[in-house]
Amino acid sequence: MNKLFFALLFVLFGTAAFAQVAPQRQPALSRSLPADSLSYLNPKDYIIGGINIVGAQNLDKDVLIQISKLNKGDKINLPGEASANVIRNLWSQGLFDDVQLNIARMNGDTVYFDIVITERPHLSRLHLLGLKKGDVEDVQKKLNDKTGKIVNENLLSTTTAIIKKHFNDKGYLNTTVDIAQRKDPGDANSVILDVTVDKHQKVKINEVIFEGNKNFKASTLKGFLGKTKERKFYHIFGSKKFKQDQFEEDKQTLIEKMQARGYRDAAVISDSVWRHDDNTVNVKLKVYEGPKYYFGNITWSGNAKYSSQILNRILRIQKGDVFSEEELSKRLTGGGPQGDDVSSLYLNDGYLTFSSDPVQTRISHDTVDLDIRIYEGPQYTVNRVIVKGNDVTNDKVVMREIRTKPGQKFSKELIIRSTREIGQLGNFDDQKTEPKPTNINPSDGTVDIIYNVVEKPSDQIELSGGFGGGQLVGTVGLTFNNFSLRNIFNLKAYKPLPKGDGQKLSLRGQANGKNYQNYSFTFSDPWFGGKKPIYFALTAYTQLSSTGQYYAKDNPLYNYLRINGLGITLGKRLNWPDNYFQLNYSLNFDHYQLDNFTGYIFSNGSSYNIKLTQELSRNSLDAPIFPTSGSNIKFTVQATPPYSAFNNTNYRIATPEERYHFVEYHKWKFDAQWFERLAGKFVIMSQVRFGFLGYYNHLVGQSPFERFKVGGDGMQSYQFLQGSDIIGLRGYQNFSIVPVGSNYNETNNPGSPIYTKYTLELRHPVIASQSATIFLLTFAEGGNTWNNFGSYNPFNIRRSVGVGARIFLPIFGLLGLDYGYGFDAIPGIPGANKGQFHFSIAQSLSGGFN
């Protein structure tokens, strides 16, 4: 009985050895021989005479035979485990729907096999359903490599995982993916996958919970998580979506922030995320704080150039200060543009290979002693300075802005300054300007410096339409910021105009048929003559405003204004008080011809305005488009000759036409901006502006021109070049800020002789790239105008707050949109305050004084 039982088991297992290893179909070894040719009770060895692959369409038959591990001439035991392994080897590749091993024929002790396969279909294409066009394109890019592959469980699961991860990273944690297969009508052995994706809603964070914190408040720890924010109304910036990759970054940031406050053993012990409801999750972090540590004794080793006393003074860390490796690193190797760290002290003096290594020599209770080990190395001098990447701008234009010169000692400070000056040219992407020391030669102490730059579009076009003065005004403006005057007659250099010399050519026109026309031309060269930084500018303009085409001159509605102007400017860079200063002198000639034209103190006659302007400025901003540090300060004095002192005109009885035939005045302006980086990417900008228009002779009085018009977006628009300074004040209508008691309004406001304005802006960048720069802002500002100093009160201002956005596109310049709310009503001008939208275009890049 026992022998019969074991014989039956042997037969069963022998049969299974020839079966296909598959979950559904179990094909057996087939043969065309008598039943007693193979005995499961008496297996025999055979010689493999040949192997044939049946059913292969896209796969290489020789490769399949290699995978089967059947070799012609080898011995094989039949029935036996070896034949079952053939099927297992092929099936494990995941390429087949069916695999069978058949005996084709037997010749004595030689056996011939047929391996019969049914290939799995290939993927011809993916069809994504349930997504927007942009999402389809993004997902398709990540799945392009799947086309042409075998459709098996691995491909289906991988496709699902890629799609889910893509949307999980965007905050869609509940994304579902359903995949259906259908035959490709154009290919019998291919299928199309219809992939239906449902993102559901973004999953946000309901609550962040901390456990184990004793010395840190939960609110403080939450503040350390830069991107993992709870869904709260006061979290203006940040998405509040849960993203795993950002969560991992925030955990590391959390540890670093805790360690920076003296808790050097701080760690995240565990974390968990669980579902709160369909659209939110809760996050829990268990932290370990450990004891708080303090700096102990600090010693220096290896310093020969500077004494330990000097290094301690620069390090600015005292025994007993809270221990922070982050702060120690900043004081040793820097972390900002100030250059007040130990590393900068050496690097600014030629020690290019300087390094420092703070070693914790003793930890006693809560005190950490340090030995800062210094390697000074040799002093290096600059051998060569090379510029790469300036495909349009000539080498000399870049080289003349570089402060590191051959033969000078290597200086980190001068490299930073050179990078800033290259950015100020406006022809290169300041985010991608990369200075790199190379060819460092310790034997002779020399180093080359390569400045890698990336050209960006710098020419600008202005195409706009606006409504001003009761008319629709169209504007066309072209500004070429990298113009080359010396190639003006070189036709090969026109692309569309000659470029590369860093000069600026601006052409601008405004018109409304014959009613209003304004044309201006400006050319400037920051290195006039090409050898020294002498600034030269030439400006000319003409303007016409009239209703003469509709009314005769004897008609009281007729009015006419013609303004022609010409100006020349010369300036130079100063080295004192420091080399950020610039001094410019300008001489301008303006001719006004009025015929029944309102808007000024007089309305008929000709007037000449010959003025000399001196402008002292200091610009230390770190970037021209989105400054994060530095200041921009201008002090301007403008004056005309005191004609009333020598022209023998009796101003007591003079008519307005005689009084203002030659206008006389002195004008003082002060404009200042300061930029400071706050936490993260937030930048605060504070600004103060002041203007005063004075006179020489009280019998002549205030000049009818050169006054200040305050209110609105600051765009000159229809008032362009009409002899007024246009000062924006958001939250109020254009030119609506008039002195108390004045009977002016925004349409007949001739301007005021005194104004003051204050601005505070909080800025945050959204995009900073070569193609565009976008930042958001919120502001509070105030300003006012006065007729004389007797009524002047710098604290009596019209106030407003609001939000806005700025977009810098190289071809259009700086575009702005603001919404401001003015708190103070303007007497006689109903609706001048309250909510106001303001649009601006082509304002000054450095925050602007408009």
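The values are calculated or read from the model by the stated rules, or taken from the named source; none is laboratory data. As the structure is a prediction and not an experimental result, all values here were calculated from the model. Neighbour counts are summed over all protein chains in view; Cβ atoms, including those assigned to glycine, are modelled from backbone coordinates with ideal geometry.
Structure above, values below:
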read-out	value
Residues (without any contact (Cβ under 8 Å) to a residue 60 or more places away in the chain and surrounded by 13 or more Cβ atoms within 10 Å (Cβ to Cβ)) located in the stretch 166-180	166, 167, 172, 175, 176, 177, 179
The stretch 362-421: number of residues that are among the acidic types (Asp, Glu), assigned to a loop (DSSP other than H, G, I, E, B) and closer than 23 Å to residue 333 by Cα	1
Filtered residues of the stretch 131-175 (kept if more than 33 Å from the chain's Cα centre (by Cα), among the β-branched types (Val, Ile, Thr) and outside any helix (DSSP H, G or I))	147, 150, 151
Pairs, first surrounded by 16 or more Cβ atoms within 10 Å (Cβ to Cβ) in the stretch 600-612, second of a type in the set (S, T, N, Q) and part of a strand (DSSP E or B), C-beta under 6 Å, six or more apart	611/588; 611/638
Pair list, Cβ under 6 Å, 6 or more apart: the stretch 89-100 residue closer than 20 Å to residue 71 by Cβ, other residue part of a strand (DSSP E or B)	90/99; 91/99; 99/117; 100/116
Within the stretch 428-452, considering residues that are under 17 Å from the mean Cα position of the chain (by Cα) and part of a loop (DSSP other than H, G, I, E, B), the one surrounded by the fewest Cβ atoms within 10 Å (Cβ to Cβ)	432
Inter-residue pairs, beta-carbon under 7 Å, first at positive phi and in the stretch 193-212, second polar (S, T, N, Q) and surrounded by 14 or more Cβ atoms within 10 Å (Cβ to Cβ), 6+ apart	200/174; 200/175
Meets criteria (at pLDDT 95 or above and β-branched (Val, Ile, Thr)) for residue 255	yes
Out of 543, 582, 503, sole residue that is closer than 30 Å to residue 602 by Cα and crowded, with 18+ Cβ neighbours inside 10 Å	543
Number of the condition not met by residue 485 [criteria: (1) buried (at least 16 other Cβ atoms within 10 Å of the Cβ); (2) in contact (Cβ under 8 Å) with a residue 24 or more places away in the chain]	(1)
Residue 350 being in contact with a Lys or Arg (Cβ under 9 Å, 6 or more places away or on another chain), crowded, with 18+ Cβ neighbours inside 10 Å, over 30 Å from residue 382 (Cα atoms) and of a type in the set (Gly, Ala, Ser)	no
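A quick yes/no check of all residues on (1) surrounded by 16 or more Cβ atoms within 10 Å (Cβ to Cβ); (2) at pLDDT 80 or above:
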position	(1), (2)
70	yes, yes
92	no, no
105	no, yes
119	yes, no
130	no, yes
134	no, yes
138	no, yes
143	yes, yes
